[in-house]
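**Q** One structure, pasted below without further comment.
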Amino acid sequence: MPFLSRCAHALRDRLEGLGAWTAPLGLRLVLAWEFYESGREKLQGQNWFAEVMAAFPFPFDRIPADLSWSLATWFELLGGIALLIGLGTRFFAAALFVLTVVAIGAVHWPQDWMGLSQLAQGYAITDQGAGNYKLPLLFLAMLWPLILRGPGRLSVDALIERALPVAPAQARNDALGWGAGLLLFGTVAAMLLPLPGLVLAAVGLVLLTASRLRPRTR
């Protein structure tokens with residue numbers, strides 16, 4: 001058993017080492033292609049945002065259609081390139097996350113749904129009258145680890161970090177991190193699911209407040 005345990009630990013350690021370099025790369029390549037292609041189609045196509053502007057979640061429904069089209073086009077083009085090379089990865093992944101949520105609300109979300117069972121019918125690629133948010137939801141799941149963990153060592157971000165005289169990032173699991181994460185995620189989620197999103201944002205705000213009020217140890 002000790003021999004098998006050592007082999008398992010040795011394999012785990014090597015996989016961890018490989019993962020630090022290559023684990024996020026597949027996500028970045030797929031997302032880079034998808035968003036760049038979407039932006040290129042918008043750049044060469046006609047602006048159809050005016051037709052669905054009323055379905056945009058607040059506050060994006062207040063932005064003029066032409067400006068919204070330009071922002072979406074260039075965030076997809078530049079974001080696709082940025083994800084490909086791993087430059088400003090967390091920023092562009094977060095921006096594309098919000099853009100995808102807006103796209104779900106405007107195009108892929110069911111117009112009327114009563115209960116989770118009816119909402120689940122929209123988890124599909126082809127719209128059969130109940131929405132078709134499966135593909136963009138998968139994009140959100142793929143963007144999330146890039147927001148939290150970054151692009152990995154095989155990226156321009158990692159090269160810049162190694163070149164600058166800054167301390168390496170340290171993982172911290174505390175109320176401040178959870179509060180900020182829940183507040184931001186809940187605010188974005190509220191564009192699709194108002195009540196659950198606002199509850200998450202409220203919990204995040206409570207945690208942030210608690211982290212600020214907690215006595216600091218010297």
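The values are calculated or read from the model by the stated rules, or taken from the named source; none is laboratory data. Everything quoted here is computed from the prediction, not taken from an experiment. Cβ atoms come from the backbone with ideal geometry, glycine included; neighbour counts cover every protein chain shown. These area figures cover heavy atoms from the full protein model, side chains too; ligands, DNA and RNA do not enter into them. Shrake-Rupley method; radii C 1.70, N 1.55, O 1.52, S 1.80 Å.
**Q** Could you tell me whether the range 1-140 comes out rounded, prolate or oblate from its Cα gyration tensor? Rule is a ≥ b ≥ c as square roots of the eigenvalues, rounded for a/c under 1.5, then prolate if a/b exceeds b/c, otherwise oblate.
**A** Cα axes put the range 1-140 in the oblate bin.
**Q** If you don't mind, there's one more thing I want to ask. When N counts the residues of the range 82-129, how does its alpha-carbon radius of gyration compare numerically with 2.2 N^0.38 Å, as a ratio?
**A** 1.54
**Q** For the chain, what does the helix formula give at 222 nm: sum of -39500 (n - 2.57) over DSSP H segments with n ≥ 4, over the residue count, nearest 500 deg cm²/dmol?
**A** -22500 deg cm²/dmol
**Q** Report the extension gain between ASP66 and TRP178 in nm, rounded to one decimal, defined as 0.36 nm multiplied by the number of residues separating them, less their alpha carbon distance.
**A** Here the segment from ASP66 to TRP178 would lengthen by 36.7 nm.
**Q** Using the alpha-carbon atoms, what tilt in degrees (0 to 90, nearest 10) does helix 65-85 show relative to the longest principal axis of the chain?
**A** 30 degrees
**Q** Taking the range 36-99, which chymotrypsin sites (Phe, Trp or Tyr not before Pro) meet the DSSP loop condition and have no more than 14 other C-beta atoms within 10 Å?
**A** TRP48
**Q** OK, next. Per residue, how many Å² of accessible area does the chain show with a 1.4 Å probe?
**A** In whole numbers, the chain has 66 Å² accessible per residue.
**Q** Find, among the trypsin sites (Lys or Arg not before Pro) in the range 146-217, those assigned to loop by DSSP (not H, G, I, E, B) with at most 13 other beta-carbon atoms within 10 angstrom.
**A** Answer by residue number: ARG172, ARG216.
**Q** Still on this structure: Among ALA175, ALA94, ALA167, which one moves the most in a GNM of the chain with springs linking Cα atoms closer than 10 Å?
**A** Maximum among the listed residues: ALA167.
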